[in-house]
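Student: Got a structure for you, questions after.
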Amino acid sequence: MMSARTLLAVMLLVVASSALAQEGGAAAELAGARIVGVVHDAQGQPVSGAEVDLLAGPTGAAVASTRTQADGGFQLDAAALTGDSLVLIQRDHFAPARIALSGAQHSTLERRITAGFWIAASVFALVLVFIATGWLHNTLAALFGVGLLFAVSYLGVLLWPALFVFDFATALGFVDWNVIFLILGMMMLIAVVEHTGIFQWLAFAAYRASRGRLSVLLVILMLIASVGSAVLDNVTTMLLMTPITVRIALAIRANPLALLMPTVMASNVAGVSTLVGTPTNILIGSFSGIGFNDFLINLTPGVLLAMVGLVIYSQFSYRRELAAAGGTSPQLLEKLRQGARIVQPANLRKAGWVGAGMLVLFVAGEGIHLPPSVTALMGAAALLVWVRPDVEELIKTVDWTTLVFFITLFMVVGAIQEVGLIAQVAVILAALVGDNLLLAMLVVIWSGALLSTVIANIPFTAAMLPVIGFLTGTVPGAESKALYYCLSVGSAMGGNGSLIGASANMVTAGITERAGYPISYGYFLRKGFPALLITVGLSTGWLLLRFLVLS
């Protein structure tokens, strides 16, 4: 059974000389005193929302109460403190702990495996099955999972309290709103840009550059996606690239997925090289203090190796689809040529200025603690006010289906975090690696890559960060932050292994579905998992060379 460590540091702050102490264990009353403590779990992650009570004796009533904050800390009024007072700490999914007040104390909250644990695990597995088999739409599957969790937590507990998983406020806390509002802001901005004709112009320019050779065209699209993902982020890049790629494929009578799949996989790989390239890197950089240049220097060589392997694999994997393309469609090609012009140059210039400012803020925002989501929303708001489009029509272009999927999936994964399933996996990893840096690097890379095929990499990364922080402080040689880079490579490139592995995958699938070319979970797995093995394998070789040999 997994346990969570609780550190209760007791500080009695006497503000006046009216404190009375009696010998022989008699009661003591301390005017203006406070009990200050902090609650962490076994991985050093703060435990928020735990109820802390000061009891008047071992079996007495609570004379003061509070709850732990987001950082796990609390302050408790100790005016009624006596010699035999206890502190009682309680939280859902943990057994209560009673702590005697005799200076700084260490105690343990035992994790409870309740019926809610199995409910959360079962719902998570059921959602994955629905998504993998296509029996339910991705968004509907995740929404069904959340609805079931809330039904059990609010209605099932009336029959059996042990069924409780989490309440609505706790569920919202697991949603990464930075990602949600980043996507929302970029969707609105791109909706304005799309009406300028720039996408059509780029589509025709890419086709002309390839001179009709599909193998060359595929490489061009992958390179564009790579540069875009390194400068912006892979979600934004695919919001831009997917419409272009679909138009090109239809014009040359090719299956759009033969061009789109390598493109989105390239965006996931190349985004690893910069702080803003993937949502997971944003999380890692914020937690570990790794900056933009650190990612660039330590990961770019490995990313370049992975890109070479991905290009070769894509050419081989899609050789039949590319060869089967029936040449250009004269009608579609002529339509593409006629549409390959900028119809709103003034709006494009405005979007260019706003985009340049956003790029600066994406790169420099870490210095002023500016989240990418805020940059995206500010950019979208500025452009909309400047251009003054039809707002009602603009709102209709936002892919609300994808946004709802993100929100509900975060909650479903949050449920297994709440009941301790992800924490148990983390404990197993920590016990496995011991103090061996080589083994720790391999475990972090490949566990991240493989688990990201079944758990969306953003919540997985957030859950793993405290584990990596613990290992960085205990494994000799890990102070180079090598394990953070391993997590970056494993979680981001591992996103290529399945449809739900990365946000960019789901954004792309949402757009292609509306265009009539849905990407199923099984199809993505068949094409993406070999790419995962190739790219992660090549990047692993670079990381081992960088941190075990060159260092």
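The values are calculated or read from the model by the stated rules, or taken from the named source; none is laboratory data. Since the model is a prediction, treat every value here as computed from it, not as a measurement. All Cβ positions, even for glycine, are placed from backbone atoms using ideal geometry, and neighbour counts span all protein chains on display. These area figures cover heavy atoms from the full protein model, side chains too; ligands, DNA and RNA do not enter into them. Shrake-Rupley method; radii C 1.70, N 1.55, O 1.52, S 1.80 Å.
Student: Consider only pairs whose beta carbons are under 6 Å apart and that are at least six residues apart or on different chains; among these, list those whose first residue lies in segment 454-466 and is in contact (Cβ under 8 Å) with a residue 12 or more places away in the chain and whose second residue is of a type in the set (S, T, N, Q) and open to solvent by 10 Å² or more (accessible area, probe 1.4 Å).
Tutor: Close Cβ pairs (under 6 Å, with a partner that is of a type in the set (S, T, N, Q) and open to solvent by 10 Å² or more (accessible area, probe 1.4 Å)) amount to Ala463/Gln417; Pro466/Gln43; Pro466/Gln45.
Student: While we're here: Any residue at all in segment 423-431 that is at pLDDT below 80, of a type in the set (A, V, I, L, M, F, W, C), open to solvent by 10 Å² or more (accessible area, probe 1.4 Å) and in contact with a helix residue (DSSP H, G or I) (Cβ under 7 Å, 6 or more places away or on another chain)?
Tutor: yes
Student: The conditions are (1) open to solvent by 20 Å² or more (accessible area, probe 1.4 Å); (2) under 24 Å from Ser551 (Cα atoms), and Val444 fails exactly one of them. Which is it?
Tutor: Among (1) open to solvent by 20 Å² or more (accessible area, probe 1.4 Å); (2) under 24 Å from Ser551 (Cα atoms), the lone unmet condition for Val444 is (1).
Student: Only one of Thr237, Thr242 is under 26 Å from Ser488 (Cβ atoms), touching a helix residue (DSSP H, G or I) at 6+ places or on another chain (Cβ under 9 Å) and modelled with pLDDT of 85 or more; which?
Tutor: Residue meeting the stated conditions: Thr242.
Student: Step by step: first the residues of segment 188-245, then only those that are within 26 Å of Val385 (Cα to Cα) and of a type in the set (Gly, Ala, Ser), then the one that is surrounded by the most Cβ atoms within 10 Å (Cβ to Cβ). Which residue is that?
Tutor: Here the residue is Gly228.
Student: Test of understanding: among Leu370, Leu383, Leu394, which residue is assigned to a loop (DSSP other than H, G, I, E, B), open to solvent by less than 60 Å² (accessible area, probe 1.4 Å) and farther than 30 Å from Phe117 by Cβ?
Tutor: Leu370
Student: Taking the conditions exactly as written (modelled with pLDDT of 80 or more and hydroxyl-bearing (Ser, Thr, Tyr)), does Thr139 satisfy them or not?
Tutor: So Thr139 fits the description; yes.
Student: Kindly list the number of the only condition in (1) among the small types (Gly, Ala, Ser); (2) open to solvent by 20 Å² or more (accessible area, probe 1.4 Å); (3) on the phi > 0 side of the Ramachandran plot that fails for Ala100.
Tutor: It fails just one condition, (3).
Student: Among the residues of segment 347-367, which ones are open to solvent by 60 Å² or more (accessible area, probe 1.4 Å), at pLDDT 80 or above and not hydrophobic (A, V, I, L, M, F, W, C)?
Tutor: Arg349, the sole residue that qualifies.
Student: Could I ask something else about it? Looking at this structure, is Ile468 under 14 Å from the mean Cα position of the chain (by Cα), aliphatic (A, V, I, L, M) and crowded, with 24+ Cβ neighbours inside 10 Å?
Tutor: no
Student: Let me ask something else about it. Residue under question is Glu513, and the condition is that it be open to solvent by 10 Å² or more (accessible area, probe 1.4 Å), more than 19 Å from Ser267 (Cα to Cα), in contact with a Ser or Thr (Cβ under 8 Å, 6 or more places away or on another chain) and not basic (Lys, Arg); does it hold?
Tutor: Considered against the rule, which asks whether it is open to solvent by 10 Å² or more (accessible area, probe 1.4 Å), more than 19 Å from Ser267 (Cα to Cα), in contact with a Ser or Thr (Cβ under 8 Å, 6 or more places away or on another chain) and not basic (Lys, Arg), Glu513 comes out as no.
Student: Would you kindly identify the helices (runs of 4 or more DSSP H) lying entirely within segment 115-206 that contain at least 1 residues that are touching a residue at least 12 places away in the same chain (Cβ under 8 Å) and over 24 Å from the mean Cα position of the chain (by Cα)?
Tutor: In segment 115-206, 115-133, 138-154, 177-194 are the helices (runs of 4 or more DSSP H) which contain 1 or more residues that are touching a residue at least 12 places away in the same chain (Cβ under 8 Å) and over 24 Å from the mean Cα position of the chain (by Cα).
Student: Okay, next question. Note down all Cβ pairs under 7 Å where the first residue falls in segment 494-517 and is among the basic types (Lys, Arg), the second is open to solvent by 10 Å² or more (accessible area, probe 1.4 Å), and they're at least six residues apart or on different chains.
Tutor: Partner pairs satisfying both residue conditions: none exist.
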